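Data block below; observations after.
Read-outs throughout are calculated quantities, based only on the coordinates presented, and are distinct from any laboratory measurement. None of these values were measured; they are calculated from a predicted model. Neighbour counts run over all protein chains shown; Cβ positions are idealised from the backbone, glycine included.
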Amino acid sequence: MAGSASEMAIFQRVVERGSFAGASEDVGSSPSAVAKLITRLEQRLGVRLINRTTRHLALTAEGENRFFGCRLKPSPSSRVRNRLMPFTRL
């Protein structure tokens, strides 16, 4: 379902939406498939990113580092936009 970059994007959606179900709506997949993708991502990275209970998701310290690391990296579209519009008035 996903490569490394898209796994991280889905991880980011899970954190932003606060649930596998919310993220699954955004990516057009089932909540179960999103949960399994996150489990595979955690296994590949060798760290737990999200602590899960039946009613709650919580980022681990490593999950926070990965999440905020993802958000700080500019996307290709934002780099293009920044080059095209270097000056913006607020």
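Things to note:
- Cα gyration tensor shape for the stretch 1-60, rounded if a/c is under 1.5, else prolate or oblate: oblate
- Modelled label positions at PHE68 and GLN12, each set 7 Å beyond Cα in the direction of Cβ, lie 1.6 nm from each other.
- Restricting the stretch 1-72 to trypsin sites (Lys or Arg not before Pro) in coil, as DSSP defines it, with at most 14 other Cβ within 10 Å: ARG55
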